[in-house]
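Below is one structure, written out as structure tokens; comments come after it.
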Amino acid sequence: MSGSVTDEMETPKESRVCRWLVQWWLRLRHGKIRLLPAAYWDEEGPILFVVGQPLSLTEALALATAFPRPIHFLLPDDRGGFIARLLARGVGMIAGKLSSESVPEEAAEVLSRRGMLTVFPDGSLSSEDTLKALAAAATALIEAVETELPGKRVTVHPVHLYMSPASRVILIYADAALPRNARPSASGRTESDSPALAANLEEKLRRNAFQLRPDDVEYFLKDIEEILRTSLREEWASRTNWKQDAEDFVLSRHVVEWVNEANNRQPARLVALRESLDRYRNHLQQFALRQGEVEAAGPWASSRLRRTIVWGEFILGLPIALFGFLNHLAIGALLFAAGSFRKNLARARSTEWTIRAVVVLACYTVETLLVARWWGRAVAGYYAPALPVSGVYLARFWWLIRHRARPLFLSIRRPAMGRKARRQRQVLLDELDQAFSASEEQKL
């Protein structure tokens, strides 16, 4: 037996190369693979991992490469493409299906050689019977191995997998080994504890380590219900003489059951829907905040005519504001150097205004003289009165930027934000419909 254990624990060179290729492929497509917790690597003897989620070749390959000790997994040979199946065979795939009526000989041989084996539920069964059938099939496999080899005990670990495309990580949670309550009988044989083990295994598989809390599931259902109400409300509002009220709408019992089932069997899909819902809610909150800003700006922001007038002032007044900015740039620099823009000035207010007036008049005089010298007195005669006018309008334009620009910009973006919110809502409803339809098809 020790030779068999050594053979099982040592990994052939071809298998190590295949494991490296699979790890590289998974890391490239799905990111990191993390085993939680990593406490069962050094366990000796036969180990059976029972996965509660539907069969997935990607997750099976991730599990097969997560342990430094060689691990086999029982899968039908028609899953995935040719390359994926080839890599799966290289890391220890066993072709076949597990049931309580028949036990694959190759799978039993792995456990009899103190190896590690992983089994998945049969996706052809209905959701109510899947975990019960999986637990019964797993205990039948354990009983067959322990009957052929008296005294050998198979360690059973429920396993939950979480693969999230958004976070690019595959999480593998291997639960603690299930207790074995059997006691040796008077004849020296070990009494079967299959019924208790099957019930305990089924209960553990139903409590997914990655599932959302009940409160979060309830909030998710309420949010979905409200989104559907909003969608129906908008659709019915476009129909003439439509009398039905969307407030009477409630979620279907089948949808609620599917959400609770997905929370246990496919929490990653439910989390992805929850993230899409959060993005939609965040965008809806931003849209409401921007709309509130526009309404708080005053009646002008709600009037198309007055918004058009403000837009015209921005466009027509921009050249005047630029002219005033260029002519008052030197004045601003001198006042800044003199400390005129500081909040806490030690100088008296009258002194400060006197300094400002002197600087402005001096700069106006110098600029007018320079224009007269370069372009003549006629041009300087028009330029001199334009200086204070452009300065006043520059202050006006700055006030427009501070009090009118943002509400004006948000009023333009508001229709686009509304359309984006409706698109996000429709995408979320489509994702929910696709996930629900796929689940219903698997039950058929």
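Coordinate-derived values only; no laboratory data. Since this is a predicted model, take the numbers as computed values, not measurements. No Cβ is skipped: glycine too gets one built from the backbone with ideal geometry, and neighbour counts run over all protein chains shown.
Things to note:
- Two-site FRET efficiency, Arg406 against Val358, from Cβ-Cβ distance with R₀ of 35 Å, rounded to 0.05: 0.45
- Exposure proxy ranking, count of Cβ atoms within 10 Å, fewest first, for Tyr219, Tyr280, Tyr382: Tyr382, Tyr219, Tyr280
- Rounded to the nearest 0.05, the FRET efficiency derived from the C-beta distance between Arg207 and Trp399 at R0 = 51 Å is 0.20.
- Reciprocal mean inverse distance between Cα atoms of the stretch 299-425 - Kirkwood radius, Å: 17.8 Å
- One chain, two ends: His254 and Arg69. Fully extended at 0.36 nm per residue, the span grows by 62.3 nm beyond their Cα-Cα distance.
- Cα coordinate range in the stretch 211-265, projected on the principal axes (Å, largest first): 44, 17, 14
- Applying 1/(1 + (r/R0)^6) with r as the Cβ-Cβ distance of Trp300 and Lys420 and R0 = 22 angstrom yields a FRET efficiency of 0.30.
- Here each label is just a point 7 Å from Cα along the line to Cβ, and for Asn241 and Arg168 those points are 5.8 nm apart.
- By the count of neighbouring beta-carbon atoms within 10 Å, fewest first, Lys222, Lys204 end up ordered Lys222, Lys204.
- Dipole magnitude of the stretch 211-265, debye to nearest 20 (Cβ charges: Lys/Arg +1, Asp/Glu -1, about Cα centre): 180 debye
- When each of the peptides 228-240, 25-37 is scored by the mean number of other C-beta atoms lying within 10 Å of its residues, the order from highest to lowest reads 25-37, 228-240.
- Straightening the chain between Leu334 and Glu109 buys 71.9 nm, computed as 0.36 nm per residue apart minus the Cα-Cα spacing.
- Karplus-derived 3J(HN,Hα) values for the stretch 365-377, using 6.51 cos²θ - 1.76 cosθ + 1.60 with θ = phi - 60°, are 5, 5, 5, 5, 5, 5, 5, 5, 6, 7, 10, x, 6 Hz; glycine and proline are entered as x.
- Fully extending the segment from Glu431 to Asn282, taken as 0.36 nm per residue of separation minus the present Cα-Cα distance, adds 51.8 nm.
- Checked against a 32 Å cut-off, the cross-linked pairs Lys343/Lys420; Lys222/Lys243; Lys97/Lys222 give Cα-Cα distances beyond that limit for Lys343/Lys420; Lys97/Lys222.
- Fewest neighbouring Cβ atoms within 10 Å first, the residues Ser252, Ser164, Ser390 line up as Ser252, Ser164, Ser390.
- Summary of the geometry: the stretch 378-444 and the stretch 252-295, compared by the centres of their Cα atoms, lie 25 Å apart.
- Gyration tensor verdict on the stretch 242-285 (Cα atoms; rounded if a/c is under 1.5, prolate if a/b is larger than b/c, oblate otherwise): oblate
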